[in-house]
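Every read-out reported here was derived from the displayed coordinates using simple, explicitly stated rules and does not represent laboratory data. These figures come from a predicted structure and were not determined experimentally. We place every Cβ from the backbone using ideal geometry, glycine too, and count neighbours over all the protein chains shown.
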Amino acid sequence: MSEGAFQTDLFGGIKRFFSGGESEKVEEAPPQISGDGTVLFRYADRLKKSIRCRKKNFENLYELELPGYMKTEEFYPVRELAAEWARVTFKRKTASNKQKSRDLLARIWKATDQILTDIGQKPVIGNTRFPPIRPVGNVHDLNKVFAAINETYFQGELQARITWSNRVGGLSFHSKRTDPLTGEEVNLISISRGYDFENCPLYAVFGVVYHECLHVVIPPVMENGRRIVHGKNFRQRERRYIYYEQWIKWHKEVLPKNIRMMRRAKNFW
Ligand SMILES: [Zn+2]
């Protein structure tokens, strides 16, 4: 059988499976399937922090039951991880497969908590606190700003995630954290919400994002027991930003006013 014919058979099977009995309601979410076509996703609102899996009669086809909130687009990577878990779970129970299964589950729930936090919902496991990553602000979209800076000044090679600061009146900073999905260390750039104002021109938000990006490529150095964060090399590279003077002026004159306004508003409410 050719691969194409196999696919047709497979999807025909899935269609029959989901349409079920004739009296069944059709209002359920559209069926979804893992990227490689081996795992069917079903959703149950009663599930909160568990997933379950059965093997279907079809060769290499699994049915995975996921919490209802995992239907949305944001959960795509989690669904793929869960599909991988389903496949590993039905393999021979060797020590290595058991370990893989445990690791996948840990990643699934960490990533789930991260996504729930990012979209403003309560995490389900909650034993680790992840700061939410919210790049879309009221005025500026930091993902777009970062992409442009990365392309212009770093050949598009900079690896980082970016978010508006979660603290009212917080400052901009760069930090390292563990990505819950991959377990790898990632750079996180956090930008003061004082830049997310109508009075903030693009050159200013580009300036601060460029500055934080430089911290990713120029790590602090120790000199005579002192930690140098903004060394000579850093300051030289920083001046390559074409609106450097304008940004610094805005940063000194307007940003403090915006931050004061935000703090006052917070105290007032
Ligand atoms: Zn700095």
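A few comments on the model shown:
- For residue 235, the criteria (1) surrounded by 13 or more Cβ atoms within 10 Å (Cβ to Cβ); (2) assigned to a helix (DSSP H, G or I); (3) within 16 Å of the ligand (Cβ to nearest atom) hold in every case but one, which is (1).
- If you go through segment 140-159 and keep only what is under 23 Å from residue 202 (Cβ atoms) and surrounded by fewer than 16 Cβ atoms within 10 Å (Cβ to Cβ), you end up with 141, 143, 144, 147, 148, 151, 152, 155, 156, 157.
- Any hit, segment 107-119, residues being without any contact (Cβ under 8 Å) to a residue 40 or more places away in the chain and more than 13 Å from the chain's Cα centre (by Cα): no
- Filtered by the rule that a residue be within 14 Å of residue 211 (Cβ to Cβ) and either within 15 Å of the ligand (Cβ to nearest atom) or touching a Leu at 6+ places or on another chain (Cβ under 9 Å) (or both), segment 146-164 gives 146, 149, 150, 153, 160, 162.
- Tally of residues being in a loop (DSSP other than H, G, I, E, B) and within 18 Å of residue 248 (Cα to Cα) across segment 171-209: 9
- In segment 77-106, the residues that are within 17 Å of the chain's Cα centre (by Cα) and over 22 Å from residue 37 (Cα atoms): 106
Residues checked against (1) among the aliphatic types (A, V, I, L, M); (2) closer than 20 Å to residue 258 by Cβ; (3) in a loop (DSSP other than H, G, I, E, B); (4) more than 16 Å from the chain's Cα centre (by Cα):
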| residue | (1), (2), (3), (4) |
| --- | --- |
| 133 | yes, no, yes, no |
| 139 | yes, yes, yes, yes |
| 144 | no, no, no, no |
| 147 | yes, no, no, no |
| 156 | no, no, yes, yes |
| 168 | yes, yes, yes, yes |
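- Inclusion of residue 221 among residues that are within 13 Å of the ligand (Cβ to nearest atom) and surrounded by 12 or more Cβ atoms within 10 Å (Cβ to Cβ) is not warranted.
- Of the residues examined, residue 143 is one that is out of contact with any His (no Cβ under 7 Å at 6 or more places or on another chain) and either within 12 Å of the ligand (Cβ to nearest atom) or polar (S, T, N, Q) (or both).
- Hits in segment 242-259 (condition: under 14 Å from residue 192 (Cβ atoms) and part of a loop (DSSP other than H, G, I, E, B)): 254
- Exactly one residue out of 186, 229 is more than 30 Å from residue 104 (Cα to Cα) and either of a type in the set (A, V, I, L, M) or within 12 Å of the ligand (Cβ to nearest atom) (or both), and it is 229.
- Pairs with Cβ under 9 Å, 6+ apart, first in segment 200-214 and among the acidic types (Asp, Glu), second within 15 Å of the ligand (Cβ to nearest atom) and part of a loop (DSSP other than H, G, I, E, B): 212/160; 212/172
- Selection status of residue 162, surrounded by 15 or more Cβ atoms within 10 Å (Cβ to Cβ) and part of a helix (DSSP H, G or I): no
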